[in-house]
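A short reminder: the numbers here are calculations on the coordinates, not readings from a lab. Source: prediction; values computed, not measured. So basically every Cβ, Gly included, is an ideal-geometry build from the backbone, and we count neighbours across all protein chains shown.
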Amino acid sequence: MKTVVIGVIGADVHAVGNKIIEHVLTEHGFNVVNIGVLSSQEDFINAAIETNAGAILVSSLYGHGEIDCKYMRENCQEAGLNHVKLYVGGNIVVGKQDFKEVETRFKKMGFDRVYPPGTNIEDAVKHLREDLGE
Amino acid sequence: MGAHLLVDFGSTYTKITAVDIDKECIIGTSKAMTTVKTNVLEGLDLALEKLKVSYPDMPEITGVSACSSAAGGLKMAAIGLVEELTVEAAKRACLGAGALVNYVFSHHLSRKEIKQLRNADIDIILLAGGTDGGNKECILHNAKKLRDANLGIPIIVAGNKDAADEIEEMFEDSGQEFYIVDNVMPKLKKLQVKEAKEVIRQIFITKIIEAKGIKKAEEKTGEIIMPTPEAVLLAAELLAKGHEDEEGFGEIMVIDIGGATTDVHTIGEGFPKRSEVILKGLQEPFAKRTVEGDLGMRYSANALLSLVSPYEFKQYYEYDSDIESAARKRHENVDYLPDTAEELAFDKALARICCDYSMSRHVGHVEVVYTPLGNMYYQTGKDLSDINYVIGTGGVLINNEDAKEILKEVNKKSNKKLELRPTDPKILIDRRYILSAMGLLGQKYPKLALKLMKEHLV
Ligand code: B12
């Protein structure tokens, strides 16, 4: 069973989407480690190390996603998590911005998959299967 | 039924407490020098003789239970993967079993760390790492390192169960003593230390006690022997929870300020008290013990002084004498007894600082998150603001006239607002020094132990 870590980063308390993601991924046979809202990069990374997760799915809803996610890839590398896939979704930037640009910015920061607002979790399931193997 | 004898084999003294089971009262207590090097039974016999002199019509002794803090107690190394997670879980298992955690290592053990372990004076190694189904590469690496090092120290493996079989195979033919128990952190942030604690106690009884000559006493006592701090923790748990129709005190805290360490025990969930507070971090044990190796009245006096600024120390101490030499004197002469008002005041200052600092480290903390909707809070650790009772025990506090004033240091402080400290709890002192004895008695006669604690903690 593939393990994934999910949670909402930074000082963000939007809890509803997080619960839905947990539910959907569990339904699809993933071992979901949910660290919940108000999670720091360190919380995500520590959880991924102990549980040997294949991917970290970061949610950010409140607009500060870009600041909260800064150096996350570097911090993963520092912690020895070179193989782990990084996904991010929710409302990851302030207001309505051109998503292509947002995606490029986050990819440059080292995220493997970047999702626009209102993404269907099934899309992420498909990508997880591609990235982690069955 | 007669008298039940409760024995504490310490490194300098053997202390005994005799309880009349029928009359439900404490007959008396006494102590004598421990002679671990020769024969501990001598100390026990001597203490018993003394007791019989003071209480000639003592009923016949029909049962004996013992605990021990001899040779500095049980010393352990805790090894895990991530510092805040499995390393912390391993540490809590050790502390909860009444051990001192002298060495703590995270991630892959290095040669240097193995060397440190080889030179260390420790009794047991607890090896954790990975949730069940999680990382096993690290614990396998560490297990192999430990096997190859062949340290001659019992190893308890309490990590990712997926690695258990491989580790068992690794150790099977090595001739080393090892135990495989439940993972101390089976799921992220879930603490599961019961089995690890049981095995620690078992090793303590069979090996350490034996090696230190107390085994002979066990034949005579014929009862479970556990580390003294565990007996204190069990007493506190009983006192908090109550037994059958004898009600307990609810959430309580026990503080023992010693020469080398300050121990804090709390019994209580410590969950957040308000809905806008979100709990973070590793699950807390219901009965939690922390031990501060740099907070103590004698051996650790120097270490303590290096934690506080001279300005801060002056808040506790009004004399103008040389603080550093006063601390050094205590560090070098651990049996030192103060004789002047100035020296007494110095001891009191040390005790208050031990109490204050150990509290800061034991209690949970909140962090504020500012949102446009108002403040939200993270809580790590236990919220102990509703603790009902704080109980002082240990030589320093029970003999000190100012014990209650010293223990007031546990309270909420205006300059430490984010610490979830008690709010004006009732303070009791274990004047007759019976807590560890009651922890032992409670194994057999919980109701009586509870009643006696309620009577004698004042
Ligand atoms: C309910 C809500 C709140 C509640 C949250 C209650 C709670 N504890 O959950 C409260 C009132 C507390 C709140 C507060 C705030 N909120 Co608000 N909130 C909302 C609201 C109305 C709904 C959120 C929700 O639950 N949606 C339903 C769930 C199911 O959807 P979701 O969260 O988007 O998650 C789904 C997808 O995004 C996706 N997804 C999410 N993460 C990821 C990750 C990956 C990898 C993938 C693949 C997919 C994925 O899957 C999820 C499940 O389907 C939204 C507006 C909206 N309609 O979205 C604003 C909204 C998110 N909030 C907003 C803001 C600004 C705030 C506040 C800063 C201040 C304010 N103006 O009220 C504070 C911030 C508080 C804080 N510190 O976090 C903005 C964010 C704007 C931005 N990003 O630029 C929004 C978009 C409203 C807006 N249009 O202005 N909020």
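The charge dipole of segment A:10-128, taken about the Cα centre with unit charges on the Cβ atoms of Lys, Arg (+1) and Asp, Glu (-1), comes to about 320 debye, rounded to the nearest 20.
Applying both filters, DSSP loop and at most 11 other Cβ atoms within 10 Å, to the GluC sites (Glu not before Pro) of segment B:369-447 gives B:Glu401.
The alpha carbons of segment B:246-429 stretch over 56, 46, 25 Å along the principal axes, in descending order.
In order along segment B:151-162, phi translates into HN-Hα couplings of 7, x, 10, x, 10, 9, 9, 9, x, 2, 5, 5 Hz, rounded to whole numbers, per the Karplus curve 6.51 cos²θ - 1.76 cosθ + 1.60 with θ = phi - 60° and x for Gly and Pro. Our note on the geometry: Cα centres of segment B:114-145 and segment B:421-443, 36 Å apart. Under the combined filter of DSSP loop state and at most 14 neighbouring Cβ atoms within 10 Å, segment B:113-147 retains none of its trypsin sites (Lys or Arg not before Pro).
Which order do the peptides A:50-59, A:114-123, B:148-157 take when ranked by the mean count of other beta-carbon atoms within 10 Å per residue, highest first? It would help to have the intermediate numbers written out before the result.
Values: A:50-59: 25.1, A:114-123: 14.1, B:148-157: 18.4.
Order by mean packing, descending: A:50-59, B:148-157, A:114-123.
Working note: Cα atoms of the protein assembly as shown, range along each principal axis, descending, whole Å: 90, 60, 52.
Multiply the residue gap between B:Gln202 and B:Val104 by 0.36 nm, knock off their C-alpha separation, and tell me the result in nm, one decimal place.
Values: separation 98, 0.36 × 98 = 35.28 nm, distance 2.18 nm.
Going from the current span to full extension adds 33.1 nm.
I need to check one value: relative contact order of segment A:10-128, counting alpha carbon pairs closer than 8 Å and at least 6 residues apart, in percent. Result for segment A:10-128 is 25 percent.
Estimated from helices alone, the mean residue ellipticity of chain B at 222 nm is -10000 deg cm²/dmol (sum of -39500 (n - 2.57) over DSSP H runs with n ≥ 4, per residue).
Centre-to-centre separation between the Cα atoms of segment B:350-384 and those of segment B:1-28: 40 Å. Which one of B:Thr266, B:Val19, B:Ala437 has its Cα pushed farthest toward the positive end of the charge dipole of the protein assembly as shown, where Lys and Arg give +1 and Asp and Glu give -1 at the Cβ? Result: B:Thr266.
Where Lys and Arg each count +1 and Asp and Glu each count -1, what net charge lies around B:Gly281 among other residues with Cβ under 10 Å from its Cβ?
On the way: positive: B:Lys189, B:Lys280; negative: A:Asp43, B:Glu84, B:Glu88, B:Glu284.
With Lys, Arg at +1 and Asp, Glu at -1, the net is -2.
The alpha-carbon of B:Lys145 sits under 17 angstrom from the alpha-carbons of these aspartates and glutamates, leaving out residues fewer than 8 places away in its chain: B:Glu113, B:Glu137, B:Asp165, B:Glu166, B:Glu168, B:Glu169, B:Glu172, B:Asp173, B:Glu177.
Report the calculated FRET efficiency for B:Glu276 and B:Ser174 (r = Cβ-Cβ distance, R0 = 35 Å), to the nearest 0.05.
0.05
Counting only other chain Cβ atoms within 10 Å of each residue's Cβ, the peptide A:49-59 averages 5. Other residues lying with their Cβ under 12 Å from the Cβ of B:Arg421 contribute a combined charge of +1, Lys and Arg counting +1, Asp and Glu -1.
Report, in whole Å, the centroid distance computed from the Cα atoms of segment B:257-277 and segment A:60-120. Going from one Cα centre to the other spans 38 Å.
May I ask you to list the trypsin sites (Lys or Arg not before Pro) in segment A:1-97 that are in a DSSP loop and have at most 11 other Cβ atoms within 10 Å of their Cβ?
On the way: sites: A:Lys2, A:Lys19, A:Lys70, A:Arg73, A:Lys85, A:Lys96; in loops: A:Lys2, A:Lys70, A:Lys96.
Passing both the DSSP loop test and the Cβ count: A:Lys96.
Rounded is the label for segment A:10-128, because the ratio a/c of its alpha-carbon gyration tensor axes (a ≥ b ≥ c) stays below 1.5. Around B:Asn388, what is the net charge, scoring Lys/Arg as +1 and Asp/Glu as -1 over all other residues with Cβ under 10 Å from its Cβ? Around B:Asn388, the surrounding residues sum to -1. First check a/c for chain B, with a ≥ b ≥ c the square roots of the eigenvalues of its C-alpha gyration tensor; if it is under 1.5, answer rounded, and if not, answer prolate when a/b is larger than b/c or oblate otherwise. Cα axes put chain B in the rounded bin. Cross-link partners of B:Lys194 among aspartates and glutamates, defined as those whose alpha carbon lies under 12 angstrom from its own and excluding same-chain residues fewer than eight positions apart: B:Asp182. The alpha-carbon of A:Lys126 sits under 21 angstrom from the alpha-carbons of these lysines, leaving out residues fewer than 8 places away in its chain: A:Lys2, A:Lys19, A:Lys85, A:Lys100, A:Lys107.
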